[in-house]
1. Tell me what the chain gives for mean residue ellipticity at 222 nm when only DSSP H runs of n ≥ 4 count, each as -39,500 (n - 2.57), the sum divided by the residue total, rounded to 500 deg cm²/dmol.
2. Kirkwood-based Rg over Rh for segment 83-144 (C-alpha set), two decimals?
3. What translational diffusion coefficient, in µm²/s and rounded to a whole number, does the Stokes-Einstein relation yield for segment 70-119 at 25 °C and a viscosity of 0.890 mPa s, taking the hydrodynamic radius as the Kirkwood radius over Cα pairs?
4. Mean projection of the alpha-carbon convex hull of segment 140-228 over all orientations, in nm²?
5. Where the centroid of each part is defined by its Cα atoms, how far is segment 79-132 from segment 173-234 in Å?
6. What is the diffusion coefficient of segment 7-130 in µm²/s, taking the Kirkwood radius over Cα pairs and the Stokes-Einstein relation at 10 °C with a viscosity of 1.306 mPa s?
7. Under 12 Å from the Cβ of A134, count the other residues' Cβ atoms, weight Lys and Arg +1, Asp and Glu -1, and hand me the total.
8. Report the calculated FRET efficiency for W52 and D222 (r = Cβ-Cβ distance, R0 = 25 Å), to the nearest 0.05.
Amino acid sequence: MDDPLDHLALLSRLQDAFLAEIRDADPETPVPACAGWRVRDLVEHVGSVHNWAAAQARRQQEAPLGPGPSDLAPFYAEQAAELRTTLAALDPDAPAWTLLETDDPASTVRFWHRRQAHETLVHLHDLRAAVGSAVDDVDPTVWADTVDEVVTVMAPRQVRLGRAKPLALPVALRATDAGRSWVIGDGEPAATASAPARELALLLWGRLAPAAADVVVDGDADALLAALAGHITP
């Protein structure tokens, strides 16, 4: 049985799904979760991030991509292939430039396997939402891993960079279909938010509101709202 958290294999599958959606989407279709963006903007963004991440893994400055492409599918396919090829060729445990502290032992190529899988997953949600469908074919284990990355990597980084303040009221998160739980913030949680892992991940990334995610909150519901408003993701 395939490991759902083989991030490099997961990245490849998600990139293929993203590319398939591009081929059928109108480039001018608005993207609901990304205010002001159309499909064209979303595809150019994800392709550019792939290009940047490949360079980060190599510890090099990325080559500028130039003006936006006129044909989105070939553009995205090229950037996706560059990222996959780069990551597959490098030792996963080799040092890399990452979003972590420079001396963090997890600052390795492997970091980008996970980060780019999650990047592609969240934006696949955006792309499918734009065309009226959903990401309902990804294992809850993967969505739970996406939640874990927000709690352990993205939110602490936001505080470290001064983009967010430490949460005054920590919140516990419980993925009802994945058997995992977390606390975002330090200290005793003021509330526990329970939902399927997919909904929790999309909630933390600002793609769903608590009501739309069918989150069950035990405790101070305002603590969850304050956490979500606290710029815990970039």
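1. Details: 8 runs with 110 residues, N = 234.
Using -39500 (n - 2.57) per qualifying helix, the result is -15000 deg cm²/dmol.
2. Radius of gyration relative to Kirkwood radius: 1.08.
3. Numbers: Rh = 11.9 Å.
Answer, rounded: 206 µm²/s.
4. On the way: hull surface 20.0 nm².
Convex hull of Cα atoms, orientation-averaged projection: 5.0 nm².
5. That distance is 24 Å.
6. Values: Rh = 14.7 Å.
In µm²/s, the coefficient is 108.
7. Working: positive: R128, R198, R207; negative: E21, D126, D136, D137, E199.
That sum, taken over residues with Cβ under 12 Å, equals -2.
8. Working: r = 37 Å, r/R0 = 1.47.
It comes to 0.10.
Every number in this text was worked out from the coordinates using simple rules, so none of it is lab data. The structure displayed is predicted, hence computed values, not measured ones. Neighbour counts are summed over all protein chains in view; Cβ atoms, including those assigned to glycine, are modelled from backbone coordinates with ideal geometry.
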